[in-house]
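Everything below concerns the one structure shown next.
Every number in this text was worked out from the coordinates using simple rules, so none of it is lab data. Since the structure is predicted, the reported quantities are computational estimates derived from the model, not experimental observations. All Cβ positions, glycine included, derive from the backbone under ideal geometry; neighbour counts span all protein chains shown.
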Amino acid sequence: MTSASPVLEVRHLSKTFWEKDGLLRRAGNRAVQDVGFTIAAGETFGIVGESGCGKSTVARLVMGLEKPDAGEVLFHGQRIDGLPERRLRPLRPRFQMVFQDSGSSLNGRKRVRDILAGPMIWHGVVPRGGAQARIDELLDMVGLPRGAQARYPHEFSGGQRQRICIARALSLNPELIILDEPVSALDVSVQAQILNLLRDLQARLGVSYLFIGHGLGAVRYISHRIAVMYRGRIVETAASEELFAHPAHPYTRALLDAVPSTDWNRRGRARIVLRGEAYGSGWDDGCAFRGRCPCADAACARAACELSPIDGDGHLSRCARAGDGPERS
Amino acid sequence: MESHFGIVFRRFCRHRMALVSLIVLGVMILMAVFAPLIAPYGPNKVAGGFSKPPDAEHLLGTDQSARDMFSRLLYAMRVSLTVAAAATLISTAIGVLLGMAAGYFGGRIDQAIMSFTDMVMSFPYILLVLVAAAIFEPGMWSIVLILGFVDWPGIARLVRGSVLSLRETVFFKSDITAGMPRRYILFSEILPNVIAPVLVYATSVFALSILDEAALSYLGMGVPVTTPSLGNILKGAESITILTGKPWLWVPAGTVIIVMVTCINFVGDALRDAMDPKN
């Protein structure tokens, strides 16, 4: 596996959720529109955005928990979207998922040992009855005492349960782990522990992550590259440090400005403060962010900008006015 | 580190009435199981005088055919408990399987199963039993089958509801993403989580089955009169002279039914409390 053949490639992914609204009329929520990205081996790709921006839907589409309306999901070049579950099942050990709610993602009636052993035995990672050594190893890896395996999930704290979830995801030797807001429900100090654990595991195992979060700090800390999503679309994507050093899209800037900072360099420019709620139905052709954007003009209502390169290093932004607007020092 | 069963048992023991009921029920079941050892006479053996009131030799007297009522009662409990337990087992199995299938697969399978369930539920079961009794050879096992095929809709609905809510849990989705096969998800993850409500519901089905057997046998549609059952003993007390003049022929059987059903319901209520995860 070289960076030339990505572990995961997502192309033009779109998903609309339809709700019955009255007898004939149906209300549609364009959760994901034309999302695309790639993840190389050993790389962490972060997706950040506010609640409801579609970032978790992307995770569910990649995992095959939802079927996309359009677009492709390729795992090592093989299309996995739209595969029947029967054909997808043998591939599933290779890409695992960790959910936000560690409390309900573990069956409360099973001991940790059985939770970990079930998938490993079924997929033949360990022989039946031979799971013990592997369970000890997994608990060591995620920093839990070996005695934890005899206990039930409710006996653990949220951070410890998330470690169990990570151990379960690792148990099948995946090449990719999709982390759907794995630390959002945890205390800040515990968040740091889990993020460090994830980084250590990546260094040891070379596993790739798709990290989804709404906390900028966490996403920045763990990701090599980051995409910012707004109203179902990627509005900006760049290498992690580049994104934070030179945010191009007004929404990205607003997100960064919302983080309290002691960075004196930022004092030179006007802060962008988001006002109001998300704007419009998302069904017109205009830019979805224009209602809250300080640099929007009439052109933004007529047509949304395409995701276009800012420089040669894969920094893309969906704003033709990038660089305009409130000046940075 | 207490096992789930241990916690449930400890909570159950807090209900005094339920604990007493469980003991009473246990004694009755033991008496029924060991009826051939305990009973002084066979159930259909002519043992002494006709219609004699209780005395030292015949603890509960004798009936019009000179059979020992105590022995008959023991065998009747055996038959009635067997019928009720077997019927409950059948209806629980049908209900759990259909409910899990409906809840798990959803869509048309769900629609088909639930329409069938509603149909069976709305069908007057006495009519069903009359028709079935006319078609099949009457006997203890046909009554088991009839009761078993009538009592499952409630369980099916209950299980379907539980499965539908389990489907939304994250651990169900994490089983899918772990690539676990359908049978593992159904029987190793979902089934243990629906057992608690099913067990509670099954106790009430068990109690109802005892009553149904008694009612059907009383109507002459149940267990054949040659086999002693609680309903059949009551059927022998139809005339007003027996009701008023020979209470030993029907009071013990009636009491046994009342005590059994009451005890089962107490146990069911305590189980419901003990298994409620919210406590």
Quick calc, segment B:69-275, dipole around Cα centre from Cβ unit charges on Lys, Arg (+) and Asp, Glu (-), nearest 20 debye, gives 160 debye
Length-normalised contact order of chain A, Cα under 8 Å, at least 6 apart, in percent, tallies to 19 percent
FRET efficiency (B:Leu30, A:Arg146; Cβ distance; R0 45 Å; to 0.05) is 0.50
For A:Val98, other-chain or 5+-apart residues with amide H closer than 5 Å (H placed, Pro excluded) are A:Ile178, A:Leu179, A:Asp180
Two pseudo-spin positions, 7 Å from Cα along C-beta at A:Val259 and at A:Arg11, lie apart in nanometres by 3.4 nm
To the nearest 10 degrees, the tilt of helix B:16-33 (Cα long axis) against the first principal axis of the alpha carbons of chain B is 60 degrees
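Per the helix-only calculation at 222 nm, which mean residue ellipticity applies to chain A, given -39500 (n - 2.57) for every DSSP H run of n ≥ 4 and division by its residues, nearest 500 deg cm²/dmol? The partial results should precede the final answer.
Values: 10 runs with 91 residues, N = 329.
That comes out to -8000 deg cm²/dmol.
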Applying the gyration tensor rule to the Cα atoms of segment B:1-138 (axes a ≥ b ≥ c; rounded if a/c under 1.5, else prolate if a/b exceeds b/c, else oblate), the class is oblate
Between B:Thr241 and A:Asp34, the two model label points (7 Å from Cα along the beta-carbon direction) sit apart by a distance in nm of 9.8 nm
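What is the count of Lys pairs in chain A whose alpha carbons sit under 26 Å apart, if the two are 8 or more places apart or on different chains?
Values: A:Lys15/A:Lys55; A:Lys15/A:Lys67; A:Lys20/A:Lys55; A:Lys20/A:Lys67; A:Lys55/A:Lys67.
For chain A, qualifying lysine pairs total 5.
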Residue span B:Arg108 to B:Ile195: 0.36 nm per residue of separation minus Cα-Cα distance leaves a gain in nm of 28.8 nm
Counting sequence-distant residues (5 or more places) and residues on other chains, those with an amide H built under 5 Å from that of A:Asp81 are A:Val73
Note: probe point = Cα of B:Val259 + 7 Å toward Cβ; backbone nitrogen < 17 Å; residues of segment B:5-30 passing the test are B:17-30
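Could you list the GluC sites (Glu not before Pro) in segment A:96-197 that lie in coil according to DSSP, counting only those with at most 13 other Cβ atoms within 10 Å of their Cβ?
On the way: sites: A:Glu137, A:Glu155, A:Glu175; in loops: A:Glu175.
Nothing satisfies the criteria.
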Out of B:Leu127, B:Val8, B:Met260 - ranked by how far each Cα lies towards the positive end of the dipole of chain B, with unit charges on the beta-carbon of charged residues - the top one is B:Val8
For the pair B:Phe136 and A:Glu306, the simple spin-label estimate (label points 7 Å beyond Cα toward Cβ) gives in nm 7.3 nm
Amide H proximity to A:Gly46 below 5 Å, modelled H, separation 5+ or other chain, gives A:Phe211, A:His224, A:Arg225, A:Ile226, A:Ala227
Taking only C-alpha positions in the protein assembly as shown, Rg and Dmax in angstrom work out to 33.7, 115
For B:Lys52, counting only aspartates and glutamates whose alpha-carbon sits under 16 Å away and dropping same-chain residues fewer than eight positions off, the answer is B:Asp63, B:Asp68
One computes Rg over Rh for segment B:69-275 from alpha-carbon atoms, with the Kirkwood Rh, and obtains 1.08
